[in-house]
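Please treat every number below as a calculation from the coordinates, not as lab data. Bear in mind the structure is a predicted one, so any value in this text is a computation, not a measurement. Reconstructed Cβ throughout: ideal geometry from the backbone, glycine too, with neighbour counts over all protein chains shown.
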Amino acid sequence: MKTIAELEAIRKKAQDDVKLRSGSGDVRVVVGMATCGIAAGARPVMMAMIDEINKRNLQNVTVTQTGCIGACRLEPMLEVYEGEDKTTYVKLTPELARQIVAEHLVNGRVLKGQTIGVFEKEEA
Amino acid sequence: MPKETMTAENFQKLDDLILQEKETKGALIQVLQKAQDIFGYLPIEVQQKISKGLRIPMSEIYGVVTFYSQFNLEPKGDYMISVCMGTACYVRNAQPILDEISKFTGIKSGETTPDGKFSLIACRCIGACGLAPIITINEDVYGRLTVEEIKGIMEKY
Amino acid sequence: MELYRSHVLVCGGTGCVSSDAFKIIDLFEKELEKHGLEKEVKVVQTGCFGLCEAGPIVIVYPEGSFYSQVKLDDVTRITEEHLMKGRIVQDLIYKEPGKKEASDSINNMGFYKKQQRVALRNCGVINPEILEEYIAYDGYAALAKVLTEMSPEEVVETVKASGLRGRGGGGFPTGLKWEFTSKAEGDIKYVACNADEGDPGAFMDRSVLEGDPHALVESMAIAGYAVGAEYGFVYVRAEYPIAVKRLQIAIDQARENGLLGEDIFGSGFNFDMEIREGAGAFVCGEETALIKSIEGGRGMPKVRPPFPAQKGIFDKPTLLNNVETFANIPQIILKGADWFAGIGTEKSKGTKVFALGGKINNTGLLEIPMGTTLRETIFEVGGGIPNGKAFKAVQTGGPSGGCIPDAHLDTPIDFDNLISLGSMMGSGGMIVMDEDNCMVDVARFFLDFTEEESCGKCTPCREGTKRMHELLDKITEGKGTQQDVDKLESLAKTIKSASLCGLGQTAPNPVLSTIKYFRNEYEAHVNDKKCPAGVCQALLQFLVIPEKCKKCGICAAKCPVDCISGVKGKEVYLIDQEECIKCGACLEACPFDAIKKG
């Protein structure tokens, strides 16, 4: 290693890999990964989510999984926690997951069409 | 009986080792460590060879060998039983454990059984204080021991 | 880049490895593969998490779930429940002593709350065998800063201003050592690291070597730049095979990546280093003895001056610091001397790592700011004494330290306070003793150690430790008199003032401190011929409690020397004290707790 720039490049790259261990960020994304969730395709959703977050180098977001959120018919679903606020997204695809990152996490605009409220109304 | 290690092949390995380390400053302890890895212990013949090879007086070599507890002048048993007698183990009753093993093997700390099967030592802290009291038998580790467990463990060997 | 949603950290410190940590790692990898999760979940082998009592330890991130005493059978459950379905396996989660609820995350545990990790900051966080992980946590940034922005004098000044004192025992100001070595005349100089951690019950240096070896490599290179040395030696205990292996990996990686070798960061500065393994001699932790041993000879101390800073390894000026001291350096460089000096007490800056062991709930390694009281350390971080027993003493500083009683537990820990209590910081061993430990026996135990480890060069230590040991044997065997206690005390004072090196000068501390604080126990041994804690065999008596005896005769049947008499069903049994060999078989055999020892 001959320059500090080289060291810095390695550091940046390696940091992405270990930031998982720094404890909870300000924003938590929780993906429902019970049997029903997995069967409905939660795994690709979660991986797309993580991939997009890493690509955009978002520092304060952690992605965790949880068991059954309770609305199996709406899986795959995930919840975004920001402080006291909770947004629940349902019937997701990997593409929608990427949109949530871009719109909600980066721009702060909730993806209205995909939230649980909308679907419950439709069904009602 | 312990395996015979004073073979021509092992002495050849020693010669290579000496040749390799001859120019290194202060290499004596490393050479002795590696020689002990080859032979299992450091008999006078081996020390003499190192003395000639490294051009260090025999008195100095013997002095170093007897100074450090790691070096053995006698061959050791097939199974090395080390009972940790660090402070943490001691206050959690390591002494009765050592006594029980002595009773089972019939040897005291620092001795080897006549059939060359077991050697017993009371060793210094191995730093696994969370598992105190602890013993090791070659590579196997037994932690959080009670006197009652000793018999069962010893019978495995 | 590889993408993982979860990291499984498995402790690879010696304590956990002794209880199957490597097998747990293998099994996790197999299980993950079986369930097709190997691309999503990464298994990382780290250094010591510190809470060895609970080992083997597995932590799952991002949740920070702390699984303790994990068995091979548990791996499948953690994989199938937690890693697949996100359900934390509650019954395997560590529960703190005295608490009903399991802690949901490592960040909320009492053991870690009061801690402040500087020297141990990466232990249990990174994989010590991967250079990139060290770099991710600002590794080698301090070396880069030093080589490109600072003059050697500025580095020495920074270390001086931080107030850092040697963590190996003596507490000598580190910055002054650096200054002396940098000013010493000499074409060749060396940097050496004392990793000959010989105090029984202390394992913080091993933990740094195993958990964060690059920190030492980086730090020694910084020291080399500051004092004008181009070569370093690390003297490691041969009993630490995992530490030696990881440090060697770190040195090789640093060399391959140009962090050791020639022209580091294009600055023109060259530095390289090697490991020298010790061969088992406690006295080699003393600096002049250690230097002798690095040179390949008998590790015997010599008179100072000349100090190593003038005449050290191969008679060249040598900077010698211990592992924990070095581990603080990169942080001091990056965060500044003021930051470090802001932690701790007036005369003892920064944090100190302690190895807590003995009769304590949370056995393990902890790093706390200087000035934390002994009571906080033992009862809050350490979780108190197990099995409802009463605290009796805490022994600090290994065989060189003393035993501190309950009355002084509110003392803030720093170098000077511990010395004024008749103990010392030492390398940071802290062994807790409860009511079942006999203080005379403990003093005897330490003398057994120092007598054996005395190198034999100077008479006060060689002969004195032997005589002290003999006197203590006599007292514990019930043959001692009041005069013996007095003789012991005066002998101890002579050895303390007349010995050549630190080993002899501190060897009497366990004796002096136990006489000072627990004189009543000594007096019970010599006057009443009793061991109040019931440890010293020769002074024990096994007695049948007549009111509790059910006349069953089980004790008499178990007695190997047939010294218990009585009539089954009719007469209370009686132990013949003349014949009794004090084996304790009757006590264990009695189903009604009708036999007591006292």
Give me the aspartates and glutamates in straight-line cross-link reach of C:Lys516: C-alpha distance below 16 Å, same-chain residues under 8 apart excluded. C:Asp406, C:Asp441, C:Asp484, C:Asp486, C:Glu489
Tell me the net charge near B:Cys89. Cut-off is 13 Å between Cβ atoms, B:Cys89 excluded, with +1 for each Lys or Arg and -1 for each Asp or Glu. +4
Quick one: Karplus J couplings for region C:257-267, per residue in order, coefficients 6.51, -1.76, 1.60, θ = phi - 60°, nearest Hz, x for Gly and Pro? 9, x, 8, 10, x, 9, 6, 5, 6, x, 8
Just grab the label-to-label distance for B:Glu155 and C:Asn520, each label 7 Å out from Cα along the Cβ direction, in nm (one decimal). 4.6
In whole angstrom, how far apart do the alpha carbon centroids of region C:566-594 and region B:1-34 sit? 59
Hits in region C:251-269: amide N under 20 Å from the 7 Å Cα→Cβ extension of C:Ile188, namely C:261-263, C:269
Sites B:Gln20 and A:Glu6 - FRET efficiency at Förster radius 45 Å, r taken between beta-carbons, to 0.05: 0.80
Region B:83-152-region C:1-52 distance, computed between alpha-carbon centres (Å): 30
Computed FRET efficiency, Cβ-Cβ of C:Arg255 and C:Val567, R0 56 Å: what is it to the nearest 0.05? 0.10
Calculate one ³J(HN,Hα) per residue across region C:131-136 by plugging θ = phi - 60° into the Karplus curve 6.51 cos²θ - 1.76 cosθ + 1.60, and present them in order as whole Hz with x for glycine and proline. 4, 4, 5, 5, 5, 4
Neighbours of B:Glu100 by Cβ distance under 11 Å: Lys/Arg at +1, Asp/Glu at -1, summed charge -1
For peptide C:12-18, how many partner chain Cβ atoms fall within 10 Å of a residue's Cβ, on average? 5
Apply the a/c threshold of 1.5 to the C-alpha gyration tensor of region C:1-116 and tell me whether it is rounded, prolate or oblate. prolate
Apply the a/c threshold of 1.5 to the C-alpha gyration tensor of the protein assembly as shown and tell me whether it is rounded, prolate or oblate. oblate
Leaving out same-chain residues fewer than 8 places away, which aspartates and glutamates sit with a Cα under 18 Å from that of C:Lys311? C:Glu179, C:Glu185, C:Asp187, C:Glu230, C:Glu286, C:Glu287, C:Glu295
Can you give me the C-alpha center-to-center distance between region A:1-74 and region C:139-173, rounded to a whole angstrom? 37
Pairs of lysine residues in region C:542-598 - Cα separation under 12 Å, sequence separation of 8 or more or cross-chain: 7
With r as the distance between the Cβ atoms of A:Thr35 and A:Glu103 and R0 = 22 Å, compute the FRET efficiency 1/(1 + (r/R0)^6) and round to 0.05. 0.15
Shielding score for C:129-140, defined as the mean number of other chain Cβ atoms within 10 Å: 5
Treating cross-link reach as a plain straight distance, find the lysines whose alpha-carbon is under 21 Å from the alpha-carbon of C:Lys71, omitting any fewer than eight places away in the same chain. C:Lys23, C:Lys30, C:Lys34, C:Lys42, C:Lys85, C:Lys95
So, by mean Cβ neighbours within 10 angstrom, what's the order for C:482-491, C:330-339 with the highest one leading? C:330-339, C:482-491
Hz values of 3J(HN,Hα) by residue in region C:516-527 - Karplus curve (6.51, -1.76, 1.60), Gly and Pro given as x: 5, 9, 10, 4, 4, 5, 4, 5, 4, 5, 8, 8
Tell me which residues come under 5 Å, amide H to amide H, from C:Arg87 once H is placed; ignore anything under 5 positions away on its chain. C:His82
Taking a ≥ b ≥ c as the square roots of the eigenvalues of the Cα gyration tensor, with a/c under 1.5 meaning rounded and otherwise prolate when a/b exceeds b/c and oblate if not, chain C is oblate
Sparse-neighbour loop sites [GluC sites (Glu not before Pro); region C:96-156; at most 11 other C-beta within 10 Å; DSSP]: C:Glu101
